[in-house]
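Below is one structure, written out as structure tokens, with a few remarks after it.
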Amino acid sequence: MVCVGCQWKLKPTETDATGKRIGLQRFDRIEILYLTTGDYSALQQMNTYFPTETRVLIEDMLHLGRVDAPEINTRFLYFFQDSTLQQMLYDVQQQYANMDDIEEQLTEAFKNLKEEMPEVEIPSVYTQIGSFDQSIVISGNSLGISLDKYLGADYPFYRTHYSEHERSLMKRDMIVPDCLCFYLLSVFPLPKDAQQEERDMHIGRILWVVNRLMQRQVFDTPYVAKAATFMHKHPHTSLTDFLTERQY
């Protein structure tokens, strides 16, 4: 497992201003090395090259305390010594040793997003390991993918902790649609005073846009169908207006 750190110091190329390329930053590789070996150099690289990602992980996702608190690194290390989490770290490493396919899908999807909504900024994207909690984390213009939430519908831990429907979405080919969905929700959030029907319609519009950007039917709900019907009748409506105007 030590060989996961072969390219630590070279972050992949980040998305440029035109959205031509998404380069996944493999924060998970350094994280796995530290959590499986306690390698202090890996911890140093987490704090040096991924300071924001490390803070978000430790403080906001795992709720272990402030990233600069005494003994926080030991607390972080011990948290993952649980046998279930150690097995998960190994399984993530095996399933996601190569993510070229995800990078290609992200590049295409965000290229489509930029063409449809040129005013929307393209995020930088990184991969990480959580503790079976959040799947996608948005912090400013940074988007984190928690690979522990995409180990497949039949993954043993999932079978005892998630419903069949939930497990059907916890697989590799849902990573990019989820990235788009959560990122669009961060850019076009639900109105604070929205009633349930309006909330459902807003989510339906987001999911319909994700289907369009993915160029395939990923999500299929009654509210997605309503969004599709509206856009069929109003083909010249921009996606930005569609996700902004409440009367839609």
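So here's what we get for this one:
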| read-out | value |
| --- | --- |
| Odd one out for F182, checked against (1) under 16 Å from the mean Cα position of the chain (by Cα); (2) more than 30 Å from D82 (Cβ to Cβ) | (2) |
| Qualifying residue in region 18-27 (condition: open to solvent by less than 80 Å² (accessible area, probe 1.4 Å), assigned to a helix (DSSP H, G or I) and either in contact with a helix residue (DSSP H, G or I) (Cβ under 6 Å, 6 or more places away or on another chain) or at pLDDT below 95 (or both)) | yes |
| Region 103-130, residues that are touching a strand residue (DSSP E or B) at 6+ places or on another chain (Cβ under 9 Å) and among the small types (G, A, S) | S124, G130 |
| Positions within region 185-207 being closer than 22 Å to N141 by Cβ and either β-branched (V, I, T) or touching a residue at least 60 places away in the same chain (Cβ under 8 Å) (or both), in sequence order | V187, I206 |
| Every residue from region 191-204 that is surrounded by 14 or more Cβ atoms within 10 Å (Cβ to Cβ) and in a loop (DSSP other than H, G, I, E, B) | A194 |
| Within region 69-102, tally of residues that are without any contact (Cβ under 8 Å) to a residue 24 or more places away in the chain, open to solvent by less than 80 Å² (accessible area, probe 1.4 Å) and among the hydroxyl-bearing types (S, T, Y) | 1 |
| Per-region count, region 219-239, residues under 21 Å from H165 (Cβ atoms) and open to solvent by 90 Å² or more (accessible area, probe 1.4 Å) | 3 |
| Residue check for E53: over 18 Å from the mean Cα position of the chain (by Cα) and either free of Cβ contacts under 8 Å to residues at least 40 places away in the same chain or buried (at least 16 other Cβ atoms within 10 Å of the Cβ) (or both) | no |
| Hits in region 30-50 - residues which are open to solvent by less than 10 Å² (accessible area, probe 1.4 Å) and of a type in the set (D, E, K, R) | E31 |
| Residue in region 205-213 that is more than 22 Å from E108 (Cα to Cα), of a type in the set (A, V, I, L, M) and in a helix (DSSP H, G or I) present | no |
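The values are calculated or read from the model by the stated rules, or taken from the named source; none is laboratory data. What you see is a predicted model; the values in this text were computed from it and never measured. Cβ sites come from the backbone with ideal geometry, for glycine too, and all protein chains shown count toward neighbours. Accessible surface is based on the protein model in full, side chains and every heavy atom, while ligands, DNA and RNA are left aside. Shrake-Rupley method; radii C 1.70, N 1.55, O 1.52, S 1.80 Å.
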